[in-house]
Amino acid sequence: MPEKLNEKKLMEELNSLREKLSSQESLEKEIKDLRQSLKNAEEISSKMAMTSLDAVMTMDLSGQVIYASERAAQLYGAQSVSELVGKNVRIALDSEDIQRFDLNIKKLLSEGFVSGSEYIIKKQNGEAIYIELSSAVMKDNRGEPVGFISSIRDITRRKKLERELVENINKYKTLFESAYDAITVHEYLPGETDGRILEANEVACRMIGLSRGQLLKKKLSDFMPPEATGISRKAVQQIAQNGHCIFETVVRAEHITYQAEVSAHMIDFAGKKAVISVIRDISERKKTERILEDSARTVRKIMNGIIMAMEKLVEKKDVYTVGHQNRTADLAAAIASEMGLDKDRIAGIYIAAVIHDIGKIFISGSILNKKAKLTGDEYDIIKRHPQAGFDVLKNIDFPWPIAQIVLQHHERINGSGYPDGLKDGQILLESRIISIADVVEAITFERPYHEAYGIERALEEIERNKGILYDSEIVDVCLKLFREKGYVLNDELRDRDSIIF
């Protein structure tokens, strides 16, 4: 009986031993698997640290470095990772940053994670850089903190850009507020004249007579009369097409109306399209311009009176010359206009043409009105009239080179003209125009020495000598006036004031 009991007990112990052995094998396998997982995790962590643009560092609770990535060594200016391991991270911080670092350690232990802490560190070569530190607490298997793992990012360039941005904002704010002109920024609303005012400087507030708070509730068009709406709409279209425009308008303030010049540009404002407008009060300038225009008109009236007096002098000498000069002037002005010359230059051409034969007052009437062919000596006397006209006019302060134009009106582009035998570009454009108008009129109408040959013969003359005696472009324009535009050369002349003023 005892033997059977011993055998049974032995079997139970054997089974128990087998169970323990199986459990131990299972545990060993689990430990092996855990070790492999840990190894894999370490490899992954190491590779992540190596490939990360940010530096990675682990440290104990005192701040002593346990592990550092290659990027961390580069960041601190160390030759190798081993130079960092065992050192306290505080040695790279200044006194103020050490205090903040210690406060953040307390916060880190309390909250478990702190991100975006900024510090200035000194690299081993003495160079100072900005870093951004994000850290998490590392704990043991009992849940007790044993250290920290930190991601470190170099933000030196970002801080530099931030400083530059602040400096630029301050600079532009200073310019904005110290500008002599009113400046506003308003919403850009396609199809609308303008949107709500988003920003305005002090000058704009003073010009309108409202506080900044009141002004920011308004639109720029609120201060323009109804008749200016079309101008505003056209300006918005130009801004949409070109990104900018300059226009003149009227600005109505509380107790006064300004004439204003507005320079508007499309900008990006807080991520949205907006329009910045520089508004200049040009009321005084416009007033001055009106005074100058009135003065210029008065001067030109006086000048016209002088020209009419000169015409009378010529008329006393030769009745044919006055009509000839007026018709020549009308045709010359028409040619100049068709060529696209500006109004002021056309006025100068007209005036020069009206008095281009003023020098003939010094020539005997018997020569001027002679019906027979002139002798060589008589023709030489006639050829003196451009120089005589120049001598009369040279000391009169015209706003155009009238004396020089008169001097050259008988020059020809091949050098065969008089008095100086000038060629092509040596001859003023104004003189080249008048010379063609002069020839056309002289052939068309009666003279003491020939009958009226008519316009077709006159046009044939300039067409035949185009590019020889006469400027080709001007000849073409003159022919176009008569043959295509219906110009008629007669005594029904255009109003002189409409040309001169």
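The values are calculated or read from the model by the stated rules, or taken from the named source; none is laboratory data. In this text, all values refer to a predicted model and were calculated from it rather than measured experimentally. Note that we place each Cβ from the backbone using ideal geometry, even for glycine, and neighbour counts take in every protein chain shown.
Might you check whether a residue that is in contact with an Asp or Glu (Cβ under 8 Å, 6 or more places away or on another chain), on the phi < 0 side of the Ramachandran plot and at pLDDT 85 or above occurs anywhere in the range 100-117? Walk me through it before giving the result.
Just the residues of the range 100-117 that are in contact with an Asp or Glu (Cβ under 8 Å, 6 or more places away or on another chain), to begin with: 116-117.
Those left that are additionally on the phi < 0 side of the Ramachandran plot: 117.
Within this subset, residues satisfying the condition of being at pLDDT 85 or above are 117.
Yes, some residue in the range 100-117 is in contact with an Asp or Glu (Cβ under 8 Å, 6 or more places away or on another chain), on the phi < 0 side of the Ramachandran plot and at pLDDT 85 or above.
Considering only residues that are aliphatic (A, V, I, L, M) and loosely packed, with under 12 Cβ neighbours inside 10 Å, look in the range 147-174 and name the one that is modelled with the highest pLDDT. Break it down stepwise before answering.
If we filter the range 147-174 for residues that are aliphatic (A, V, I, L, M), which is where we start, we get 149, 152, 155, 161, 165-166, 169.
Now drop any that are not loosely packed, with under 12 Cβ neighbours inside 10 Å, which leaves 161, 165-166, 169.
Numbers: LEU161: 83, LEU165: 72, VAL166: 73, ILE169: 62.
Once the filter is applied, the top-ranked residue is LEU161.
Would you mind listing the strands (runs of 3 or more DSSP E) fully within the range 233-285 where at least 1 residues are surrounded by fewer than 19 Cβ atoms within 10 Å (Cβ to Cβ) and in contact (Cβ under 8 Å) with a residue 40 or more places away in the chain?
On the way: elements: 244-252, 257-269, 272-281.
So the answer is 257-269, 272-281.
Per-residue answers, yes or no, for (1) closer than 24 Å to THR298 by Cα; (2) among the hydrophobic types (A, V, I, L, M, F, W, C); (3) at pLDDT 90 or above; (4) assigned to a helix (DSSP H, G or I):
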position	(1), (2), (3), (4)
ALA334	no, yes, yes, yes
HIS356	yes, no, yes, no
ILE361	no, yes, no, yes
LYS373	no, no, no, no
LEU53 fails exactly one of (1) under 16 Å from SER151 (Cα atoms); (2) surrounded by 10 or more Cβ atoms within 10 Å (Cβ to Cβ); (3) among the aliphatic types (A, V, I, L, M); (4) at pLDDT below 85, namely (2)
With (1) crowded, with 16+ Cβ neighbours inside 10 Å; (2) within 55 Å of the chain's Cα centre (by Cα); (3) β-branched (Val, Ile, Thr) as the list, and ILE361 as the residue in question, which single condition is left unmet? (2)
Among the residues of the range 251-272, is any on the phi > 0 side of the Ramachandran plot, within 35 Å of the chain's Cα centre (by Cα), not hydroxyl-bearing (Ser, Thr, Tyr) and not assigned by TED's automatic domain parsing to the domain that holds ARG447? yes
Considering (1) touching a helix residue (DSSP H, G or I) at 6+ places or on another chain (Cβ under 9 Å); (2) on the phi > 0 side of the Ramachandran plot, say which one TRP400 fails and leave the rest. (2)
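So which of TYR453, TYR449, TYR418 ends up being surrounded by fewer than 22 Cβ atoms within 10 Å (Cβ to Cβ), of a type in the set (Ser, Thr, Tyr) and touching a Pro at 6+ places or on another chain (Cβ under 8 Å)? Full working, then the answer.
Details: TYR453 fails: touching a Pro at 6+ places or on another chain (Cβ under 8 Å); TYR449 fails: touching a Pro at 6+ places or on another chain (Cβ under 8 Å).
Of TYR453, TYR449, TYR418, the one residue that is surrounded by fewer than 22 Cβ atoms within 10 Å (Cβ to Cβ), of a type in the set (Ser, Thr, Tyr) and touching a Pro at 6+ places or on another chain (Cβ under 8 Å) is TYR418.
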Within the range 381-391, can one find any residue that is of a type in the set (D, E, K, R), over 52 Å from the mean Cα position of the chain (by Cα) and in the same structural domain as LYS317 (by TED's automatic domain parsing)? yes
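What about GLN214, is it assigned to a helix (DSSP H, G or I) and at pLDDT below 85? If you could, list the steps in order and put the result at the bottom.
Details: assigned to a helix (DSSP H, G or I): yes; at pLDDT below 85: no.
In short, no.
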Determine if the range 278-288 includes at least one residue that is farther than 22 Å from LEU198 by Cα and more than 30 Å from the chain's Cα centre (by Cα). no
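Let's see how each residue does on (1) part of a loop (DSSP other than H, G, I, E, B); (2) more than 17 Å from GLN74 (Cβ to Cβ); (3) in the same structural domain as ALA72 (by TED's automatic domain parsing):
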site: SER110; (1), (2), (3): no, yes, yes
site: VAL114; (1), (2), (3): no, yes, yes
site: GLU118; (1), (2), (3): no, yes, yes
site: SER135; (1), (2), (3): no, yes, yes
site: MET138; (1), (2), (3): no, yes, yes
site: ARG142; (1), (2), (3): yes, yes, yes
site: SER150; (1), (2), (3): no, no, yes
